[in-house]
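Enquirer: Sharing a structure here in C-alpha cells format.
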Amino acid sequence: MMQDFDYPEGNFVQYHAGTHEHRMVQAAYDGHADIVRVLINKVSDVNCEATPRHQFSPASALWFAAYVGNIQVMEVLLQHPDIDINKGQQYNHITPLMTACCVGRDEAIRLLLKKGAKVLLKDERHRTALTWALISAKYQLYEKNGIGEAGNLRRHVVVNLLRRYPPEQIEVAVQEVNKRRPSLLTRKDILTVVPSLQACCRDVVLQYVTEETFENILPLPPLIIRDLKWDARTWGWGRKSKPHSMYSNS
C-alpha cells in the first residue's frame, strides 16, 4: 500500500485499495471534490478506471461523478488538461454522458454538453446518450414522484440532447424519440426549442411553395415535410391551414 497523506480539512474516506488512482475514483463516487483536487495531481492517468468498493464495473472518476451527479467533482476533473470527457467504460463503451442520461442527472448532462461531450457516440450495443435517456426506467420513478420540473425530467434531458445534434442527424433523432416515446415532445419542443429543425424545413419546403405560402405553413417537423414532398399540391400554393402533426399541440 502506498504511503497515506493528510486529506484536506480532515476528510477521510475508506478506500479499498492503496493506489492514488483507486482513491481518486472512490473520492469522485463519494462526492469529495477537495480530495479529488489533491489526488488529480498524484495519479499517472486522470482517465484511469477503477472500482469503488466493488459495487460497479471499473470506470473513470468522471464517469462516476456523472453517475452520482456531483457537479463540484465534475468541474474539478473537467479542468484537467488531459481529461477525456468522452471516455467510455472499457468493457461496454458507456460514456459519462450516457450514464448521466441513464440515471437522469440533468445538471451533469448540461455540464457535459457545455464542455463538448459528443452526443453521437455509441456503446457496444449501438445505443447513444439519447437512446439511454429514452429507454431508462429511472425516469418513471422521477415522473411518478414529480422530480425534475414537475416530472418532465426525461423531456428536458431529451431536448437538451437534441439541441446538440447536427442538422443532418436531427430527423433521425426525432424519429427515434417518436418511436420510443410518442407523446414525449411537445409541438413547442419540435418547432421552437430545436432551431435546426426549422432550418431544415425551410430548405426543403421552398422547393415546393412560394415564399408567401411558406410563411403561412411553417414551422413544420421533418416528418410532415416528407408528406409535403409526396403531395406538394395538397399543402402548398396559398393554402393557409397547417398539416396535421403527430406531435402534441401543447
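The values are calculated or read from the model by the stated rules, or taken from the named source; none is laboratory data. Here the structure is a predicted model, which means the values were calculated and not measured. Note that we place each Cβ from the backbone using ideal geometry, even for glycine, and neighbour counts take in every protein chain shown.
Enquirer: List pairs: first in region 107-124 and closer than 21 Å to Val174 by Cβ, second among the hydroxyl-bearing types (Ser, Thr, Tyr) and assigned to a loop (DSSP other than H, G, I, E, B), Cβ under 6 Å, 6+ apart or cross-chain?
Expert: Every condition considered, the pairs that remain are Leu121/Thr95; Lys122/Thr128.
Enquirer: Residue check: is His80 on the phi < 0 side of the Ramachandran plot and surrounded by fewer than 21 Cβ atoms within 10 Å (Cβ to Cβ)?
Expert: Taking the combined requirement at face value, the residue satisfies it.
Enquirer: Okay, moving on. Among the residues of region 139-159, what is the count of those that are at pLDDT 85 or above and among the basic types (Lys, Arg)?
Expert: 2
Enquirer: Hey, another quick one. Which condition breaks for Ala129 when tested against (1) surrounded by fewer than 19 Cβ atoms within 10 Å (Cβ to Cβ); (2) closer than 15 Å to His156 by Cβ; (3) touching a Ser or Thr at 6+ places or on another chain (Cβ under 8 Å)?
Expert: Single failed check for Ala129: (1).
Enquirer: If a residue has to be at pLDDT below 90, of a type in the set (A, V, I, L, M) and in contact with a Leu (Cβ under 9 Å, 6 or more places away or on another chain) to count, how many in region 160-172 make the cut?
Expert: Residues that pass the stated criteria total 1.
Enquirer: Do you know which residues across region 49-63 are farther than 16 Å from Asn92 by Cα, part of a loop (DSSP other than H, G, I, E, B) and not polar (S, T, N, Q)?
Expert: Pro52, Arg53, His54 - these are the residues of region 49-63 that are farther than 16 Å from Asn92 by Cα, part of a loop (DSSP other than H, G, I, E, B) and not polar (S, T, N, Q).
Enquirer: Something else about it: Name every residue in region 40-83 that is in contact with a Leu (Cβ under 8 Å, 6 or more places away or on another chain) and over 12 Å from Gln26 (Cβ atoms), in order of residue number.
Expert: Ile40, Val46, Asn47, Leu62, Ala66, Ile71, Met74, Glu75, Leu77, Leu78, Ile83
Enquirer: Among the residues of region 99-124, how many are in a loop (DSSP other than H, G, I, E, B), small (Gly, Ala, Ser) and either surrounded by fewer than 19 Cβ atoms within 10 Å (Cβ to Cβ) or at pLDDT 95 or above (or both)?
Expert: 2
Enquirer: Within region 37-48, does at least one residue satisfy the condition of being under 23 Å from Asp123 (Cα atoms), at pLDDT below 90 and in a loop (DSSP other than H, G, I, E, B)?
Expert: no
Enquirer: Answer yes if at least one residue in region 106-121 is over 15 Å from the mean Cα position of the chain (by Cα) and over 22 Å from Ile190 (Cβ atoms), and no otherwise.
Expert: Among the residues of region 106-121, not one is over 15 Å from the mean Cα position of the chain (by Cα) and over 22 Å from Ile190 (Cβ atoms), which makes the answer no.
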